[in-house]
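The values are calculated or read from the model by the stated rules, or taken from the named source; none is laboratory data. Remember, predicted model here, so these are calculated numbers, not experimental data. Every residue, glycine among them, receives a Cβ derived from its backbone with ideal geometry; neighbour counts consider all protein chains shown.
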């Protein structure tokens, strides 16, 4: 390899690394860390991994992976879930045909789960919806359409106030966002993975705190489960 080609390769690798973003998260319940999660956004692909802690393994072992291949504006083309939990497993993907408004789901573990179903033409999965939300907090209030295991949900978000929070960057000002859910499909809810199964519910609100800057980095999330909430907190940020 000559010097020019080598230099060009180094520049491409450097630029590619600059574009990557990685969030490290701790998920807690009753004050105990139960899951370590990472989300990486790189080259129009979101990859999320979630692994239970040693303590949580005693109750429910979790080793999950989610891969979202998206177009502009974080609109998913393909959503893959590989779920390994103590008593629940998935290995499936969904292809979104937005012109026909159809989701095509293929399951490698259970052929009865392979199917086609109706979608909203602008629907997203939970994780691509989060990254879309980061880019659109200026639309206040705003709405997102989410596909959660064949069920379409209308998600409404609103910035309700600003708060100072501790973060990997020190104590910073954040925007607190209230998120509510409205079910738009008539399908019965299916069992799903521990990470996303209960996140959409008409009777419960989800709150996110984003850094008060152009990046809108998710610093914290709180899901109002009963009797205790689930808390997500950013522990490390790389870009």
Considering only residues that are surrounded by fewer than 20 Cβ atoms within 10 Å (Cβ to Cβ) and touching a helix residue (DSSP H, G or I) at 6+ places or on another chain (Cβ under 6 Å), which ones fall in the range 132-158? 132
As an exercise: evaluate residue 158 against (1) closer than 26 Å to residue 104 by Cα; (2) without any contact (Cβ under 8 Å) to a residue 40 or more places away in the chain and give the number of the one condition it does not meet. (1)
For the subset of the range 143-194 comprising residues that are over 24 Å from residue 50 (Cβ atoms) and out of contact with any strand residue (DSSP E or B) (no Cβ under 7 Å at 6 or more places or on another chain), which member is modelled with the highest pLDDT? 170
Subset tally (residues that are more than 16 Å from the chain's Cα centre (by Cα) and closer than 22 Å to residue 89 by Cβ) for the range 182-204: 5
Flag for residue 117 being modelled with pLDDT of 95 or more and more than 18 Å from residue 192 (Cβ to Cβ): no
Residue in the range 63-81 that is surrounded by the fewest Cβ atoms within 10 Å (Cβ to Cβ), counting only those that are touching a helix residue (DSSP H, G or I) at 6+ places or on another chain (Cβ under 9 Å) and either assigned to a loop (DSSP other than H, G, I, E, B) or at pLDDT 95 or above (or both): 75
So which pairs qualify, if the first residue must be in the range 196-225 and touching a residue at least 24 places away in the same chain (Cβ under 8 Å) and on the phi > 0 side of the Ramachandran plot, the second must be crowded, with 16+ Cβ neighbours inside 10 Å and assigned to a loop (DSSP other than H, G, I, E, B), the Cβ gap must be under 6 Å, and the two must be at least 6 apart or on different chains? 216/137
In the range 208-239, how many residues are under 14 Å from the mean Cα position of the chain (by Cα) and over 12 Å from residue 27 (Cβ atoms)? 4
Looking at the structure I just gave you, is residue 128 in contact with a helix residue (DSSP H, G or I) (Cβ under 9 Å, 6 or more places away or on another chain) and in contact (Cβ under 8 Å) with a residue 60 or more places away in the chain? yes
Which residues, counting only those in the range 29-48, are farther than 19 Å from residue 222 by Cα and touching a strand residue (DSSP E or B) at 6+ places or on another chain (Cβ under 6 Å)? 40, 41, 44, 45, 46, 47
Could you list, in sequence order, the residues of the range 110-131 that are touching a strand residue (DSSP E or B) at 6+ places or on another chain (Cβ under 7 Å), surrounded by fewer than 18 Cβ atoms within 10 Å (Cβ to Cβ) and not in a loop (DSSP other than H, G, I, E, B)? 113, 115, 116, 117, 118
Taking the condition of being within 19 Å of residue 71 (Cα to Cα) and touching a strand residue (DSSP E or B) at 6+ places or on another chain (Cβ under 9 Å), how many residues in the range 132-142 meet it? 4
Of those in the range 82-109 that are modelled with pLDDT under 95 and outside any strand (DSSP E or B), the residue nearest to residue 183 (Cα to Cα) is 88
Taking the range 1-51 as the search range and keeping residues that are assigned to a loop (DSSP other than H, G, I, E, B) and either surrounded by 12 or more Cβ atoms within 10 Å (Cβ to Cβ) or within 18 Å of the chain's Cα centre (by Cα) (or both), which one is modelled with the lowest pLDDT? 20
